[in-house]
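Q: I have a structure here, written as structure tokens, and I will follow up with some questions on it.
The values are calculated or read from the model by the stated rules, or taken from the named source; none is laboratory data. Bear in mind the structure is a predicted one, so any value in this text is a computation, not a measurement. Positions of Cβ are backbone-derived with ideal geometry, glycine not excepted, and every protein chain shown enters the neighbour counts.
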Amino acid sequence: MSDEKIIVQVDPDLEDLIPGFLENRSSDVEQLRVELDKSDFESVRSIGHSIKGVGGGYGFTLMSELGANIEIAAKESNAELILENINRLDEYLKNVEVEYA
Amino acid sequence: MTTNKSESKVKVLIVDDDNDVLNLLENWLTKENYSVKRAESGTEALNLVGIYAPDLVITDLYMEGMDGMTLLTELHNDNPLLPVIMLSGQAQIPDAIKAMHLGTSAFLTKPINQNEFLETVKKVSPNIDKSILNEFSKSIIYKSKAMSDIIEMASLVADNDVSVFISGSTGTGKEVIAKAIHEASSRRDKRFIAINCGAIPEQLLESELFGHEKGAFTGANLKHEGLFQAANGGTIFLDEVGDMPLALQVKLLRVLQDFEVRPVGSTKTYPIDVRLISATHKNLENAVEKGEFREDLYYRLKVVPLDIPNLTDRQDDIPALVEHFLNAFSKSNAQDKKKFSPDAMKYLCSMPWPGNVRQLINVVDLCATLSKTKNIPLSLVKKAVHDDPVHMQTLKEAKQAFEKGYLLSVLRITHGHVANAAKIAGRNRTEFYKLLNQYDIEPARFRDKKNTEKETS
């Protein structure tokens with residue numbers, strides 16, 4: 001796992017919202033793993049879809065891309081690709097550092 | 001970006017089952033000075049709409065339970081004018097097309113771009129200048145949804161020159177709305193002239209509206225400008241237009257088509273720039289079917305229809321109206337303000353009010369006059385309502401009202417020349433003077449051209 005920090009610049013007006021937002025995404029990662037273990041691809045797709053929809057708005061563009069990847073992979077029931085993107089998202093969340101500017 | 005011209009904010013209801021989306025949108029909108037309420041489901045949104053009365057709804061398409069399309073349909077069942085922005089995580093063209101067909105104002109895909117989002121919100125926000133709404137609230141007391149919808153529509157059209165057609169039962173306040181539209185328009189510095197088409201005989205009405213040349217008919221010793229020319233640059237309100245004789249309807253139609261008037265007895269036409277608002281308590285569609293009202297004129301007049309609700313359909317407004325009339329009574333009579341006891345107010349709110357707001361004013365005034373105590377008791381209200389069941393004019397009152405209107409019209413046309421006016425009226429001068437005295441009408445003031453405004457109602 002890479003420890004390289006990922007710097008994301010976010011609107012300072014969103015500062016209060018960011019900790020809760022990132023916490024929710026970490027919960028999403030946990031939930032994604034649970035649903036994937038059950039092979040519940042519809043739930044996986046739905047979570048991926050939500051991540052895609054909300055990430056970019058807060059300034060986390062890569063998060064939205066990973067959400068979209070998970071959504072597409074879930075539609076194809078591609079567990080391997082889903083897991084790969086969940087791991088990438090997990091890593092991203094652990095390494096992301098927010099700069100308010 | 002500034003969104004509001006006045007302190008009042010555009011009210012936005014945001015609907016999404018994802019709290020992080022709601023947080024984000026609320027943050028963006030609040031920063032831009034919108035007032036925001038949030039709902040986590042379509043059902044919650046529908047409950048909130050009645051209470052919050054948003055100017056705009058922004059909803060996600062895919063939600064647990066009621067989805068965005070269903071919400072849109074439900075919202076528009078109740079208020080087809082309410083702008084709705086649909087958000088979707090999928091840029092699926094069929095969804096966008098369906099949403100547009102259902103009347104959505106804009107369709108945005110997630111992830112949402114802040115600038116695009118705010119530009120869209122600005123674009124689809126109803127173009128209600130809150131200062132216009134404030135103008136309406138100066139003269140119209142309302143908080144009911146029925147009346148709010150009417151005022152919203154009136155606000156939207158106030159500053160356009162489209163013809164507004166106001167329908168509603170007697171006493172609902174059609175002229176008040178017409179005047180408020182004029183006051184909220186850019187024509188407010190020019191004149192608002194109201195005329196009751198049903199109160200004046202045909203020949204006089206023609207002359208009143210379009211003017212006449214000197215010698216156009218017996219007694220027409222002076223040229224008369226007519227109300228359309230007098231209202232130039234302003235607004236003319238034709239009340240009871242359904243009572244206008246067919247021959248005059250043709251002439252009115254021509255005025256609306258050509259924007260010019262030709263006075264009686266003249267070969268010359270005069271350009272006019274007048275905003276027309278008309279009203280009637282009659283069912284004009286029936287009148288058109290019976291051939292009593294021209295269909296082409298009907299459609300010319302009814303570009304924007306406003307149907308004023310009966311007082312019973314806006315019961316929520318009754319306490320505020322009562323308060324307003326009590327204040328007005330106390331001011332005009334220099335008395336301490338009285339108030340209705342709670343059971344009396346409850347009774348007022350439950351009355352059928354066939355005479356609408358006008359009847360309510362009468363009852364409030366009567367109660368305020370007769371009550372010996374500061375608190376007006378239920379017994380007095382019951383008596384007042386009973387004594388004034390519909391406040392229909394008696395035949396004598398109606399005749400007197402007509403006679404007074406007629407005398408005013410004749411004097412206006414003859415510019416206060418009593419001999420000519422008497423000739424038109426078919427009376428000798430002595431009899432005519434007697435009639436003028438009876439109604440306290442001073443012919444001299446009709447000799448002043450500036451003082452020819454509405455006196456027919």
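Q: Give the residues of the stretch B:438-457 that are of a type in the set (Gly, Ala, Ser) and modelled with pLDDT of 50 or more, sorted by residue number.
A: B:Ala444
Q: Looking at A:Thr61 and the list (1) at pLDDT below 95; (2) among the β-branched types (Val, Ile, Thr); (3) out of contact with any Gly (no Cβ under 8 Å at 6 or more places or on another chain), which single condition is not satisfied?
A: Condition (3) is where A:Thr61 drops out.
Q: Is it the case, given these coordinates, that A:Ser27 is facing chain B (nearest Cβ under 10 Å), in a helix (DSSP H, G or I) and closer than 18 Å to B:Asp16 by Cβ?
A: no
Q: To continue, here is another question. So A:Gly56 clears everything in (1) at pLDDT 95 or above; (2) within 14 Å of chain B (Cβ to nearest Cβ) except one condition, right? Which one?
A: (1)
Q: Shifting gears a bit: Given the criterion at pLDDT 90 or above, touching a helix residue (DSSP H, G or I) at 6+ places or on another chain (Cβ under 6 Å) and not assigned by TED's automatic domain parsing to the domain that holds B:Ala419, identify the matching residue among B:Leu246, B:Leu209.
A: Selected residue: B:Leu209, the only one of B:Leu246, B:Leu209 that is at pLDDT 90 or above, touching a helix residue (DSSP H, G or I) at 6+ places or on another chain (Cβ under 6 Å) and not assigned by TED's automatic domain parsing to the domain that holds B:Ala419.
Q: Do we find that B:Leu75 is outside the structural domain of B:Ser148 (by TED's automatic domain parsing), of a type outside the set (Phe, Trp, Tyr) and farther than 29 Å from A:Ser43 by Cα in this structure?
A: So B:Leu75 fits the description; yes.
Q: Any residue that is more than 28 Å from B:His281 (Cα to Cα) and either over 29 Å from the mean Cα position of the chain (by Cα) or in a helix (DSSP H, G or I) (or both) - is there at least one of those in the stretch B:387-400?
A: No, there is no match, as no residue in the stretch B:387-400 is more than 28 Å from B:His281 (Cα to Cα) and either over 29 Å from the mean Cα position of the chain (by Cα) or in a helix (DSSP H, G or I) (or both).
Q: Follow-up question, since we're still on this one. Report, by residue number, each residue of the stretch B:276-312 that is part of a helix (DSSP H, G or I) and surrounded by 16 or more Cβ atoms within 10 Å (Cβ to Cβ).
A: Of everything in the stretch B:276-312, those that are part of a helix (DSSP H, G or I) and surrounded by 16 or more Cβ atoms within 10 Å (Cβ to Cβ) turn out to be B:Leu284, B:Ala287, B:Val288, B:Leu297, B:Tyr298, B:Arg300, B:Leu301, B:Leu311.
Q: If you don't mind, another one. Test of understanding: among B:Ser350, B:Ser371, B:Ser330, B:Ser341, which residue is at pLDDT 85 or above and exposed (fewer than 12 other Cβ atoms within 10 Å of the Cβ)?
A: B:Ser350
Q: Can you tell me which of (1) surrounded by 19 or more Cβ atoms within 10 Å (Cβ to Cβ); (2) in a helix (DSSP H, G or I) is the one B:Phe237 doesn't meet?
A: Condition (2) is where B:Phe237 drops out.
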